[in-house]
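What follows is a short report on a single structure.
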Amino acid sequence: MNIFIMGAPGSGKGTFSTKIKEEFNLNHISTGDIFRANIAGGTELGLQAKAYSEKGLLVPDEITNKMVKDYLNTLEDKKNGYLLDGYPRTLAQAKAFEEMTEGTDLAVEKIVYMDVPFDELTRRITGRRTCKKCGEIYNIYSKPSKVEGVCDVCGGELTQRKDDNEESLKVRLDEYAKNTEPVIAYYEEKNMVSRIDASKSMEEIWPDLKEALKNK
Ligand code: AMP
């Protein structure tokens, strides 16, 4: 099963990707995580992405498409397919991906759209904290760790993403409305989208998601 998980910043893509990939034994790629790791590591890709990413802007399509293509080419273990999180975010990316994969076993089969009203997103994003060590995601309002600043799972330090502030969030939401909503509409026309009401609690969302993916 080859899946894109889509939704605005703060819609729960990262949190539920971990659960989906485990439940369905999928390869998982988050373009945002790859950019962050490259920026932290000071690689060539990181240097290219840094100026855009830290302001909340999308990294140019050519850089992003190449990165995804490189990843797909290295996929030896196809498991049961892939879960692409945070890609495609523009129509140009969607079309480039189609060209790369059409007629192959890497073509996308299903789009999961995590639907959350915009006013709820700000609270989620500014409260988000991530474990530096294992990547577990918390929220100081809705899912706090037992000890402030410390990961329940591995004891690692919890940090706030550089782009999780109000200024950069506004840019990210604008980018989303301008570039990514048309991508969802594009796949909706092809009848490939399962819309999940992701404003519900985590306990309620998970069964909905599993159901949507089983009814592929
Ligand atoms: P995310 O973790 O998915 O919110 O992504 C964080 C940042 O990485 C975004 O604000 C962009 O700067 C960059 N990024 C991630 N995925 C893409 C993409 N598909 N196209 C362009 N930029 C991206």
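What FRET efficiency comes out for residue 22 versus residue 109 if R0 is 25 angstrom and r is the Cβ-Cβ distance? Round to the nearest 0.05. Numbers along the way, then the final one.
Values: r = 19 Å, r/R0 = 0.77.
It comes out at approximately 0.85.
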If one builds a Gaussian network model of the chain from Cα atoms under 10 Å apart, the most fluctuating residue listed among 90, 74, 126 is 74
Relative contact order for the chain using alpha-carbon pairs under 8 Å, separation at least 6, rounded to a whole percent? 29
Across 10 Å bins beginning at 0, the whole-percent shares of Cα-Cα pair distances in the stretch 167-216 come to 22, 34, 37, 6
Which value, in debye to the nearest 20, describes the size of the charge dipole of the chain about its Cα centre when Lys and Arg Cβ atoms bear +1, Asp and Glu Cβ atoms bear -1, and nothing else is charged? 400
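Share of antiparallel DSSP beta bridges in the chain, in percent to the nearest 5?
On the way: 7 of 24 bridges.
For the chain, the DSSP antiparallel bridge percentage is about 30.
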Under a 10 Å cutoff between Cα atoms, tell me which one of 191, 27, 73 has the largest fluctuation in the Gaussian network model of the chain. 73
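Translational diffusion coefficient, Stokes-Einstein: compute it for the stretch 1-102 using the Kirkwood radius over C-alpha pairs as Rh, at 4 °C and 1.567 mPa s, and state it as an integer in µm² s⁻¹. It would help to have the intermediate numbers written out before the result.
Numbers: Rh = 14.2 Å.
Taking Rh from Cα pairs, D becomes 91 µm²/s.
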Starting from the Cα-Cα distance between residue 201 and residue 143, subtract it from 0.36 nm times their residue separation and give me the gain in nm to one decimal. 19.8 nm
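Taking the Cα centre of the stretch 142-182 as origin and charging only Cβ (+1 Lys, Arg; -1 Asp, Glu), how large is the dipole, in debye to the nearest 20? Spell out each step's value before the answer.
Details: 7 positive and 10 negative charges, 20 e Å.
It works out to roughly 100 debye.
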May I have the count of lysine pairs in the stretch 1-133 with C-alpha atoms under 17 Å apart, counting pairs 8 or more residues apart or located on different chains? 14
Roughly speaking, to the nearest percent, how much of the stretch 1-122's 1.4 Å accessible area is carbon and sulfur? 49
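Could you give the accessible area per residue of the chain, probe 1.4 Å, as a whole number in Å²? Walk me through the numbers on the way to the answer.
Working: 11260 Å² over 216 residues.
Per residue, the chain has 52 Å² of solvent-accessible surface.
With a Förster radius of 25 Å, plug the Cβ-Cβ distance of residue 152 and residue 123 into 1/(1 + (r/R0)^6) and report the FRET value to the nearest 0.05. If you can, show how the numbers build up before the last one.
Values: r = 21 Å, r/R0 = 0.85.
Efficiency, from the Cβ-Cβ distance: 0.75.
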GNM result for the chain, Cα springs below 10 Å: residue of 110, 66, 190 fluctuating most strongly: 190
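Using only the Cα atoms of the stretch 82-216, construct the convex hull and provide its projected area averaged over every direction, in square nanometres to one decimal. Walk me through the numbers on the way to the answer.
Values: hull surface 38.3 nm².
Projected over every direction and averaged, the Cα hull of the stretch 82-216 covers 9.6 nm².
Which length gain, in nm to one decimal place, applies between residue 192 and residue 74 when the Cα-Cα distance is subtracted from 0.36 nm times their residue separation? If you can, show how the numbers build up before the last one.
Numbers: separation 118, 0.36 × 118 = 42.48 nm, distance 2.63 nm.
Residue separation times 0.36 nm, minus the Cα-Cα distance, leaves 39.8 nm.
Relative to the present Cα-Cα distance, how much length would full extension add between residue 44 and residue 181 at 0.36 nm per residue of separation?
Values: separation 137, 0.36 × 137 = 49.32 nm, distance 2.98 nm.
Working it through step by step, the gained length comes to 46.3 nm.
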Each residue of the stretch 185-200 in order: what ³J(HN,Hα) in whole Hz does its phi give by Karplus 6.51 cos²θ - 1.76 cosθ + 1.60, θ = phi - 60°, with x for Gly and Pro? 4, 4, 6, 5, 4, 8, 6, 10, 9, 9, 8, 10, 6, 8, 8, 6
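The values are calculated or read from the model by the stated rules, or taken from the named source; none is laboratory data. For clarity, every value in this text was computed on a predicted model and none was experimentally measured. Note that each Cβ is placed from the backbone with ideal geometry, even for glycine, and that neighbours are counted across all protein chains shown. Note: accessible area is taken over every heavy atom of the protein model, side chains too, but ligands, DNA and RNA are not part of it. Shrake-Rupley method; radii C 1.70, N 1.55, O 1.52, S 1.80 Å.
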